[in-house]
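*Asks:* I am attaching a structure below and will ask some questions about it afterwards.
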Amino acid sequence: MCTATYIPLTPTGFILTHSRDEKAIRPPAQLPQPVRIGDHTVTFPQDPQGHGTWIAASAELTVCLLNGGFVPHQPQPPYRHSRGLVPLHVFTYPTIHAFVDGYDFTGIEPFTLLSLQWNRLTELRWTGQRLFVHDKDPNRSHIWSSVTLYSADVIDRREAWFRDWQLSHPTPAVGDIRLFHQFTGDGDEANALRMNRNNELFTVSLTSVVQHPGQTEMIYEDFGQQTFSHVSIHESVYATA
């Protein structure tokens, strides 16, 4: 249940920003830490309940997760494992397409996964029965809203906000898009970019991955815990996951 935006940077690079919407009863996430997974040192905030994440990055690969595929679904537990583990599993494959060909998606709740690797932006949507793979234009900006939380009309409204924001920010910096994620809306608090539904379900954190040639960083803010983390990502060896 989340919102993600992608902004290309010239000559090569991007800003990927993710608002995490969660239930108030969910325990707070752990701050981003680097962990060795496969051939990558991967930095990610971790959900202590499912032990997964919604966004993870190495020096070469960034992966982001949203709940749901194309339409809202009725949960049918038990699932084989948390879909929050899927972004971490991607790092055990050499490419996103090797992951698509080799991964077993059965028994996992529907999700949308975004992958950024070597200036290639790939969108995966798993419906629970079928996987759809679409290469998106990495030279254009994009926005995604979780279909499990936002109706089609609200998603269209948010896309319009994003288009309007781009017109007024032709060369955005990471601070600009983080403000967009925190303060954009039309007075409907339940569907604003930083949303709140009766203090039971709300935006709990904001994460940005910024990649320039030879440099990747993760910026993370937990609104409830009032904690902030800014991590430079390098391919060095840390603890094994």
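The values are calculated or read from the model by the stated rules, or taken from the named source; none is laboratory data. This one's a predicted model, so the numbers in the text were calculated from it and none came from an experiment. Using ideal geometry, Cβ is built from the backbone for each residue, glycine included, and neighbour counts are taken over all protein chains shown.
*Asks:* Kindly list the number of the only condition in (1) in a loop (DSSP other than H, G, I, E, B); (2) at pLDDT 95 or above that fails for G224.
*Replies:* Among (1) in a loop (DSSP other than H, G, I, E, B); (2) at pLDDT 95 or above, G224 violates only (2).
*Asks:* Go through the range 40-78 and report how many residues are touching a residue at least 40 places away in the same chain (Cβ under 8 Å) and of a type in the set (D, E, K, R).
*Replies:* Total meeting the criteria: 1.
*Asks:* Please determine, by comparing only the residues of the range 127-156 that are of a type in the set (D, E, K, R) and outside any strand (DSSP E or B), which one is nearest to I7 (Cα to Cα).
*Replies:* This residue is R140.
Conditions tested, residue by residue: (1) over 18 Å from the mean Cα position of the chain (by Cα); (2) modelled with pLDDT of 95 or more.
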| residue | (1), (2) |
| --- | --- |
| D39 | yes, no |
| I55 | no, yes |
| Y79 | yes, no |
| H89 | no, yes |
| G102 | yes, yes |
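*Asks:* Answer with yes or no whether S145 is at pLDDT 95 or above, touching a Pro at 6+ places or on another chain (Cβ under 9 Å) and within 29 Å of I96 (Cα to Cα).
*Replies:* Criteria not met by S145.
*Asks:* Could you grab me the full set of residues in the range 197-219 that are charged (D, E, K, R) and under 20 Å from F180 (Cβ atoms)?
*Replies:* Selection gives E217 alone.
To keep it simple, each residue is scored yes or no on (1) assigned to a loop (DSSP other than H, G, I, E, B); (2) among the β-branched types (V, I, T); (3) in contact (Cβ under 8 Å) with a residue 40 or more places away in the chain; (4) touching a strand residue (DSSP E or B) at 6+ places or on another chain (Cβ under 6 Å).
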| position | (1), (2), (3), (4) |
| --- | --- |
| D176 | no, no, no, no |
| T203 | no, yes, yes, yes |
| Q211 | no, no, yes, yes |
| F228 | no, no, no, yes |
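*Asks:* Being within 29 Å of R158 (Cα to Cα), surrounded by 12 or more Cβ atoms within 10 Å (Cβ to Cβ), of a type in the set (S, T, N, Q) and in contact (Cβ under 8 Å) with a residue 40 or more places away in the chain is the filter here, so list the residues in the range 84-141 that pass it.
*Replies:* Once the filter is applied, which keeps residues that are within 29 Å of R158 (Cα to Cα), surrounded by 12 or more Cβ atoms within 10 Å (Cβ to Cβ), of a type in the set (S, T, N, Q) and in contact (Cβ under 8 Å) with a residue 40 or more places away in the chain, the range 84-141 yields T112, S115, Q117, N119, T127, S141.
*Asks:* I need a count of the residues in the range 1-31 that are under 14 Å from the mean Cα position of the chain (by Cα) and under 14 Å from T216 (Cα atoms).
*Replies:* 4
*Asks:* Moving to a separate point now. Across the range 188-219, which residue is nearest to the chain's Cα centre (by Cα) among those that are on the phi > 0 side of the Ramachandran plot and at pLDDT 95 or above?
*Replies:* Residue satisfying both the conditions and the ranking: N199.
*Asks:* Regarding F183, is this residue of a type outside the set (K, R) and either in contact with a helix residue (DSSP H, G or I) (Cβ under 7 Å, 6 or more places away or on another chain) or free of Cβ contacts under 8 Å to residues at least 60 places away in the same chain (or both)?
*Replies:* It is true that F183 is of a type outside the set (K, R) and either in contact with a helix residue (DSSP H, G or I) (Cβ under 7 Å, 6 or more places away or on another chain) or free of Cβ contacts under 8 Å to residues at least 60 places away in the same chain (or both).
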